Each structure stands twice: as C-alpha cells, then as structure tokens.
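Data block below; observations after.
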Amino acid sequence: MPYNPLETYSATIRGLDCMEEVTALKSTVGKLDGVEKLDFDLLNGRMTVEYDVAVTNEDEILNAVKRSGLSAAQSAACTCHSGDSVYPADESFWQKHGRNIAALGGFLLLVIAFLIHTFYHGFLDSLTGGFGDEDHVYPALSIALYIPSIFFSYWFILPKALNSLRSFRPDMNLLMTVAVIGACAIGEWFEGATVAWLFAVALILESWSIGKARRAVAALMSLAPDTARYISPHDGDIVEKPVSQIPLDATVIVRPGEKIPLDGSITKGFTSVNEAPITGESTPVSKEPGDQVFAGTINNEGAFEFTATKPADDTTLARIIRMVEEAQSRRAPSEKWVEKFARWYTPAVFLLAAAIALVPPIFFGDFNLWLYKGLVILVIACPCALVISTPVSIVAGLASAAKNGILVKGGIFLEMPARLLAIAIDKTGTITTGRPIVAEIAPLNNHTEEELLARCAALESKSEHPYARAIVECAEARGIEFKEAESFTAIPGKGAVGVISGREYFIGSHRLMHERGYELPQYCDRANELESAGCSIITVGNDRHVCGIIGISDAIRDNARTALKGISDAGVKHIVMLTGDNERAARAVARKCGIEDVRAGLLPEDKVNIIRELALKGGVAMVGDGVNDAPALAASNLGIAMAAAGSDAAIETADIALMSDDLSKLPWLIRHSRRTLGIIKANIVFAVGLKAVFLALALAGIATLWMAILADTGASLIVIANSLRLLRGVRE
C-alpha cells in the first residue's frame, strides 16, 4: 500500500480567542477528509493542521476556515504583535481594526436612533419600549437606524452564527443572534440593537483579555537583542550581524548596560548580570571566565567576551518562549469541564427558551409576552462569562509563572501543585548546590592543614573528578603552592598514588585506607565523625602513616530549610529526600534541612519505584536536576526540574522547570496554583449564580433584554478582571 506523506499547514486565525472558535474550526477543518491532526495555539491565535497531501490541500483548508466564520493568514508571515491579536505583516487596516470600527459604528447609530426615539416619546418610554405598551410606536427614522446598527455590530458575528446553524452545533453566537432577531420580530428594536452591540463589545473584551496575556508572553520575545557583535575568525575585525547569523563558537562582545544576545560561556572579563528575565531573581549575579550567561539577561557593569554555545533558536530564552506558547494547548481539567458543560448547556438553554416562548401561550395567550420572556432567558443563559472564565485564568497564570522564573508547560500542570500530597526531592543539585567543597581538613600525625592540602592538590591536579577540583580550588584559594605529583597512577574505584619530593603518597577513599593497613582507631574514629557530619572522606597517607583526612561535602543551598518548611506550611503532607549517596551523608543533610523521610543509596529505577509507592497516597511531585532523575520525573504526577544547572534531559522530561536554583519557588508555585484554582472556581460560581438570579427575575417579568445582556457583559468583564489579577502573581 503506497505511503502518502503528511504535510503541515500553520495559519494565524483572525479572532481565534476562545474555545467557541476552536469548536467551530473542529466542526469544519477537523471534518475534512485527510486531516490527521488539528492543534490550536490560543496564545498566538494559530492553527496547525497535519493533512494527507493526496486527499486534501491548503485551499480546501482555507475554505473550511471561511465556513466556520473565521479567516486565516499563513503563519509564516506573522512578524509582529499588535493590539490584542497576533497579526500577519500583510493584513489590511480593516482586518486589523475592523471589529472595533464595526462596534463603534453600531454604537453611534444606536445612540442617534435612541435620541430620535427619545425626542418623540421621552427618555423612559424610549428606554423601556413604552413599559410594554402595545400601542407604543417606534419612529420610522429610529427603526431605519436601529437596523444598520445591528448590521454593524453583527458583521463579524453573523458568519459564525450561520456556521453554527449549518453544523447543528448551537453556540453563543447563534444563541445571541436568535435573541436579536426575536426582539426585532416583536417590535423591540431598541433592545435588539442594544443586545447586538453589547454582545459585540463582550467579544472584543474577550479578545482584549487574551491579548493582555499574549502581550505578557510577547514581552519575553523582546528581551533578546536583534543583533550581536562578534570577532571575525578570519581577520579579527568586530562584525555586527543579526543574532540568527552568529555562528556557534563565535566570540561575542557585550558592553556594559547591553542585553546578552545568546547563550554562552564567558572567556574574558568580569561583570555582574541581571538574570531576572530568565530566573525571576532581580539580584545581580557575579560572572567571571568559565561562567554561563543567557540570552535576554542584562550586563550591568564590565565589558566581557563569551563563546556562543547555542544558536538563537535554541537559547534558554527561546525554549522558554516556545514552551510557554505550547503550554496553553495542554488544557487544564477545569477547562475541559467547562467546555464539556457548555457543549450540553447551550442546547439545553435553546430548548428551555423555546418551551417558555411556545408552551405558556397555549394556555394563557399573549404570545408576544412569552416570546419576550423566552428571549430574555436566551440572553441571560448565554455562557459567554462561563466559557471565558477558565482559559483567561490559565493563560494569565502561565504568564505570571514565567515572569517569576517558573516555566509551566501546560494548564494541566498549573493546577496540579494545588493538589499535591507528597513531594520527593533529589538531594544532589537540588537540596544541595551540586558543587562539592572542602568542608573539613583534619591533619594527623603532626601534619598541618597547609601540608595536607598541598599534597592532596599535587596528587589531584590532573584529575577531572569533582572532588579533585574542590581540593585544588581550596588550595589555590588559600594561596598554597604545589607541584604536580610524579609517577601518578590511578587505582580504579579507590583512589591514586604518586610521588611527591621523592616519597610515594596515596590518596583515596576510606576503603583504600583500610587496604593499606591503617585500620587504627584514631583514624577510623575521625573518619566516622566526618561521615556522620555528611562528608565524603578523602584520606592521604604515605608508607609510614595517614597524613590526614579531608571531608568533602556538597553545600546545602542557603534557603533549603526555609523553602522545605514553606512547602510543608503550604499543605504538602509528606516530603521525602532521594539520593544515591550513602545513608550517613544523606541523613546528615536531611537533619540540617528538617526532612524526616530519607531514602539513600538509590539507583534511578529505585527512585521510580519510590515515586510509584508515594503516588498510591495521592498526587506526588518529583523535583530533580540530573539525567538520572529523568525517569522519576516522568513517573511522577508532576515532574519539576531545577533548570539553571539541570540537564537538558531533566528539563525536557519535567512538566515544570524552575529557571533559577531557588527552592523557595516551590512554595510560591503551590500558592500560585491554589490561587489560580480559587479564581477559576470563583469565576464559575459567579457566572452561574448571576445567571440563576436573572433567570428568576426573567420568569417574574422584571428583567428586560437589555438588562440581561448588560448583566452578561458585566459578568464577562468581572470574570476577565478577576482572572487578570493572576498576572500580578502571589502576594507575599
């Protein structure tokens, strides 16, 4: 059977601001033969289609988009963010601003028509349609203006309503269209025009709310500069080019006050860098040769040079932007619930309104009265505020988290921290810094600390082991001079031997000391003391005795204990530390951090089994940074990676990435997640509760059409404003 290749078509959809438009596109584009996959990016108003080129083509896709009442432009042309949408560069003025102009035109005609109406009948009669008086007559000139007012307001809504009708999938566009037509049919021209205009304004406000969240993410895109200066490898001249054209391994120059254009490693110069755009931390970070720098961060002081290690489209900043854009497509459970509810709710509302409009007149007469009540209920029950309540909250929550240095890869993962009962945290690189330091120097047999360090550094000077680097750095920091050991020989898994000033010395583990025959109480007791304090042991000796013991430890992060207490205070009941280190070292770190449950000596598969064990009790998160943490991150309900020093495997596998090495982001994240859920629930309760109140008023004959749409628009505004509070983050 011949294989037909799949083609990918990406387009910017004008007016793609909520799930109503997504549902409409699914009913047209999604039903085309040959369409294999359909994805939507509400944050950028983009639709991506994977289709079989042998069955369909781009023209058919574009026609299907038109049938949904929307229009598309090739995403490749998208070059700017403007207003409240993402616009292709070749869009006309009308395409960019048409909705606002149409709504403004509808409003001006509505006001003029109402003023003429008021001139003939007075303000109250015009506002209430003569208080229901059947003899109340609308001036012909007012009607002649109300009709085009409706036409202007509904210019961008009517195509969507017609598609909803054709596909037998009633949505709020069709619901409001029926209400407007019904109002005009019974002679309520003012209310019909008011409903049309207010609904158009509600949709513009909805688009604006999504646009505000878009701009929060779009601000990330402007962080990195467009150009960079680098030293040409051919002639040594300084060349300035767009960042996309800077070759890998180029030496890039950054002056004081400039933004860093690419990720890289400093080769020359000293400075401090504001890394807040990446990590959320405003405190400047000192940088020197060998340190990493990130695109989009700001050089505060000295000029420096760095080697570009990643292309422009793969920098840490670029990955953040890409992941935030993709995140909103992974919808939260509350979003899915609202969409499912609205799918059944809207048809039910149509049936209820029809029953109220048609059944009572059979028994009580007065068809116009009951039709009016049915129309009022139709407007009141419009799910606009309900439908918008969740996606705006999720997008605002995602943008706020990104601003605070927390990359959440989807709405589903934004809600999960609020439901966590347990957190498993890797020790090395997460609770600790992941960088060994010399914690204790214990000279023996009349040796001094300086002698001990000098001999250790001489033996370890050529080694790349982290413990060796820690010893050499400590010796250099103390200004101790040493020469490289001669006749150096490694002893795999145990240590090494070498000759210093004509005498052979050994350096290695506690085990090597035993094998050399120095199993003496004074040595073993001191070694055990250091191990109990959480140190790994490096012993140094010669053919006569042990010269001393050096304790190497992985420094605990400064805020680790406070952060872990914050996690507990935030309601997480069980915190467990996982590590491959020995039991003594692990328990020493746990004591300092206030952790009771410690699992030591673990392999990657052991961590996975523990995560599965914890998951039986409820939601469990895994926090880690290394490649060996990736399986446990994937197995947990929520994987959280320490991204600043973490491996790419851990960052890609995790659901959430902490862009700084700051554990205090964890309690912030839990509180932010709970606040997001609280706002979503408040929005839903408010939207449904308000509708229940006005439904009762409508049945009592108190609510009018324009009051109903004003209440619905007001509810949408309140829900939007409440959701956008999340952009400010959690108040400390």
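How far, in nm, would the chain grow between Asp313 and Arg561 when pulled straight, counting 0.36 nm per residue and subtracting the alpha carbon separation?
85.5 nm
Mind giving me the FRET efficiency for Ile362 and Ala700? R0 is 30 Å, r the Cβ-Cβ distance, nearest 0.05 is fine.
Calculated transfer efficiency: 0.90.
Where does each of 391-401, 155-165 land if you order them by average Cβ count within 10 Å, highest first?
In descending order of packing, they fall as 391-401, 155-165.
Per residue of the stretch 439-445, what does 6.51 cos²θ - 1.76 cosθ + 1.60 with θ = phi - 60° give for ³J(HN,Hα)? Whole Hz please, x for Gly and Pro, Karplus curve as stated.
The phi angles translate into 9, 8, 10, 10, x, 10, 6 Hz.
Cβ neighbours within 10 Å, averaged per peptide: list 534-546, 414-426 in order, most packed at the top.
The peptides rank, most packed first, as 414-426, 534-546.
Tally Lys and Arg at +1 and Asp and Glu at -1 over the other residues with C-beta under 13 Å from the C-beta of Val180: what net charge comes out?
Computed value for this residue: -2.
Can you list the HN-Hα couplings for the stretch 597-606, worked out from phi with the Karplus curve (6.51, -1.76, 1.60; θ = phi - 60°), rounded to whole Hz and with x for Gly and Pro?
Coupling constants for the stretch 597-606: 8, 10, 10, 10, x, 9, 8, x, 5, 5 Hz.
Multiply the residue separation of Lys66 and Glu473 by 0.36 nm, subtract the distance between their alpha-carbon atoms, and state the gained length in nm to one decimal.
Once the chain is fully extended between Lys66 and Glu473, it gains 139.8 nm.
Considering only Cα-Cα distances, which of the following residue pairs are longer than 26 Å: Lys26/Lys96; Lys403/Lys592; Lys607/Lys681; Lys96/Lys241; Lys96/Lys681?
Over 26 Å apart, Cα to Cα: Lys403/Lys592; Lys607/Lys681; Lys96/Lys241; Lys96/Lys681.
Give, as a single signed number, the net charge of other residues whose beta carbon lies under 9 Å from the beta carbon of Thr428, with Lys and Arg counted +1 and Asp and Glu -1.
-3
Normalised by the number of residues in the stretch 568-707, what is the relative contact order in percent for Cα pairs under 8 Å and 6+ residues apart?
In percent, rounded to a whole number, it is 13.
Label points 7 Å out from Cα along the Cβ direction at Asp543 and Ala354: separation in nm?
In this crude label model, Asp543 to Ala354 measures out at 10.4 nm.
In angstroms, what radius of gyration and Dmax does the stretch 433-555 have, counting Cα atoms only?
Expressed in Å, the Cα Rg and Dmax of the stretch 433-555 come to 13.0, 38.
Using only the Cα atoms of the stretch 662-721, what do you get for the radius of gyration and for Dmax, in Å?
17.1, 59
Given R₀ = 56 Å, what would the calculated FRET efficiency be for Asp52 paired with Glu288, taking r from the Cβ atoms and rounding to 0.05?
Computed FRET efficiency for Asp52 and Glu288: 0.50.
Using 0.36 nm per residue of separation minus the Cα-Cα distance, give me the extension gain between Asp237 and Glu484 in nm, one decimal.
So the extension gain works out to 85.0 nm.
Over the stretch 227-313, what portion of Cα pair distances is larger than 22 Å, expressed as a whole percent?
In whole percent, the share of Cα-Cα pairs in the stretch 227-313 beyond 22 Å is 18.
Output the peptides 552-559, 451-458 sorted from most to least packed, where packing is the average of other Cβ atoms within 10 Å over each peptide's residues.
Going by the mean number of other Cβ atoms within 10 Å, highest first, we get 451-458, 552-559.
Using 7 Å Cα-to-Cβ label points, what is the Trp208/Arg725 separation (nm, one decimal)?
Result: 2.0 nm between the two label points.
Each reported figure results from applying straightforward, stated rules to the coordinates on display, with no laboratory input. Everything quoted here is computed from the prediction, not taken from an experiment. A quick note on method: Cβ atoms are made from the backbone with ideal geometry, for glycine too, and the neighbour counts reach across all protein chains shown.
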